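The values are calculated or read from the model by the stated rules, or taken from the named source; none is laboratory data. All values derive from a computational prediction rather than experimental measurement. Positions of Cβ are generated from backbone atoms using ideal geometry, with glycine treated the same way; all protein chains shown enter the neighbour counts. We work out accessible area using only protein heavy atoms, side chains counted, and drop any ligands, DNA or RNA first. Shrake-Rupley method; radii C 1.70, N 1.55, O 1.52, S 1.80 Å.
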Amino acid sequence: MASKTIGNFTFNETSIKDVYKIDIKKYGDNRGYFMETYKESDFKAAGLDYNFVQDNQSKSKIGVLRGLHFQKTFPQAKLVRCIEGEVFDVCVDLREDSPTYGKWEGVVLSAEAGNMFMIPRGFAHGFVVLSETATFCYKCDELYHPEDEGGIMWNDPEVGIVWPFDGEILLSDKDKKHPSLKNSKIKF
């Protein structure tokens, strides 16, 4: 997979077109560190031209799995990162004409690494917390519409996500009820 460095960001292609793992250069010394977490011109130069309109943040404890979520008629592109702790973050391709429809890509995101994951529109998204707690942040290019929520099962055997967590998974009541990808009939 190809990588390109623009400014303080290294954009790493994944096995799914338009999904990127992003590494960020940190500038540190004995006082701590500084890093840019987003720069519109560098992202545009890398071909990631998004107009982010909403930032979200959540805090969760170990074993919490949030997902796999999407919005049905107002899909969101998401730039995600973990600012405290560590999570395994996943996206599933729901783009109807994509050669990777139904395939997933995942990455460990951590505050220590300072890395990010760019997920375009047309994907289900979720993560599981690997550390005692984790604070997760994401930029969205579409506003959240609660009436437009959708989801697929986090453990759908046909999707086959390999979650690197062997403890008890903690789900919301809503996330326990998501259908399989096949039964959701969702395609973007």
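Compare the Cα positions of Cys140, Val129, Phe188 along the charge dipole of the chain (+1 at Cβ of Lys, Arg; -1 at Cβ of Asp, Glu; about the Cα centre) and return the one farthest towards the positive end.
Phe188
Quick one: net charge of Asp173's neighbours, Cβ under 15 Å, K/R +1, D/E -1?
So the surrounding residues net to +2.
Could you state the accessible area per residue of the chain in Å², with a 1.4 Å probe and every protein chain left in place?
52
Using a probe of 1.4 angstrom, how much of the accessible area of the chain is carbon and sulfur, in percent?
Values: 4730 of 9720 Å².
Result for the chain: 49 percent of the exposed heavy-atom area is carbon or sulfur.
Given Lys4/Lys61; Lys21/Lys185; Lys103/Lys176; Lys4/Lys59; Lys59/Lys139; Lys17/Lys174, which pairs have Cα atoms separated by over 25 Å?
With Cα atoms farther than 25 Å apart: Lys4/Lys61; Lys21/Lys185; Lys4/Lys59; Lys17/Lys174.
Tally Lys and Arg at +1 and Asp and Glu at -1 over the other residues with C-beta under 12 Å from the C-beta of Cys140: what net charge comes out?
Once all neighbours under 12 Å are counted, the net charge is 0.
Work out the charge dipole of segment 1-135 with +1 on the Cβ of Lys and Arg and -1 on the Cβ of Asp and Glu about the Cα centre, then indicate which of Gln71, Gly28, Ala111 is farthest towards its positive end.
Value: Gln71.
First select every other residue whose beta carbon is under 12 angstrom from the beta carbon of Arg95; then total the charges, Lys and Arg +1, Asp and Glu -1.
Net local charge, Arg95 excluded: 0.
Could you list the GluC sites (Glu not before Pro) in segment 40-111 that lie in coil according to DSSP, counting only those with at most 16 other Cβ atoms within 10 Å of their Cβ?
Values: sites: Glu40, Glu84, Glu86, Glu96, Glu105; in loops: Glu96.
Those that pass, being in a loop and sparsely packed, are Glu96.
Please check: in the Gaussian network model of the chain (C-alpha springs, under 10 Å), which one of Tyr138, Tyr33, Tyr101 has the largest mean-square fluctuation.
Highest fluctuation among the options: Tyr33.
Once you order the gyration tensor axes a ≥ b ≥ c over the Cα atoms, which shape class does segment 1-154 get: rounded for a/c under 1.5, otherwise prolate or oblate by comparing a/b with b/c? Before the final figure, lay out the partial values.
Numbers: a/c = 1.63, a/b = 1.22, b/c = 1.33.
Oblate, since a/c reaches 1.5 and b/c is not below a/b.
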